[in-house]
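Here's the structure, in structure tokens; my notes come after.
The values are calculated or read from the model by the stated rules, or taken from the named source; none is laboratory data. This structure is a prediction, so every number in the text was calculated from the model and none was measured. Backbone-built Cβ (ideal geometry, glycine too); neighbour counts: all protein chains shown. Areas reflect the complete protein model, heavy atoms only, side chains present, ligands, DNA and RNA absent. Shrake-Rupley method; radii C 1.70, N 1.55, O 1.52, S 1.80 Å.
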Amino acid sequence: LRQLPTWFPAPDHVFPLDPEYEDTELGHDPAKVAIFKKLQKCRDAKLIEAVDEDFLYFAAMNSTGCRLTLLGQRYRKLAAERRI
């Protein structure tokens, strides 16, 4: 949760994704894969959602991105204020 302000500097920021975030792709970036796994956990907790796609996998493969849900925006604010 404390990383939300780092990934999303503003509540309406779209975190850009690309195929390097998906570990099933050749040429994936291990650092990006680690971030993507954390983003997937945030998605499972309903804190983020894929942009223009149904799943984060397709958002990464189609190079769209993800954004905070309203709940995610609330937790981002709390993390930015160092309240969690």
Exercise for review: Working only within the range 41-53, note down all residues that are surrounded by 17 or more Cβ atoms within 10 Å (Cβ to Cβ) and farther than 16 Å from Gln73 by Cα.
Suggested key: Glu53
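Residues that are small (Gly, Ala, Ser), in contact with a helix residue (DSSP H, G or I) (Cβ under 6 Å, 6 or more places away or on another chain) and modelled with pLDDT under 95, at least 3 per element: which strands (runs of 3 or more DSSP E) completely within the chain meet that? Explain how you work it out, then say what you get.
Numbers: elements: 14-16, 48-50, 65-68.
In the chain, there are no strands (runs of 3 or more DSSP E) which contain 3 or more residues that are small (Gly, Ala, Ser), in contact with a helix residue (DSSP H, G or I) (Cβ under 6 Å, 6 or more places away or on another chain) and modelled with pLDDT under 95.
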**Study point:** Enumeration of residues in the range 9-40 that are farther than 20 Å from Leu70 by Cβ, open to solvent by 60 Å² or more (accessible area, probe 1.4 Å) and in contact with a strand residue (DSSP E or B) (Cβ under 6 Å, 6 or more places away or on another chain)
**Key:** Pro16
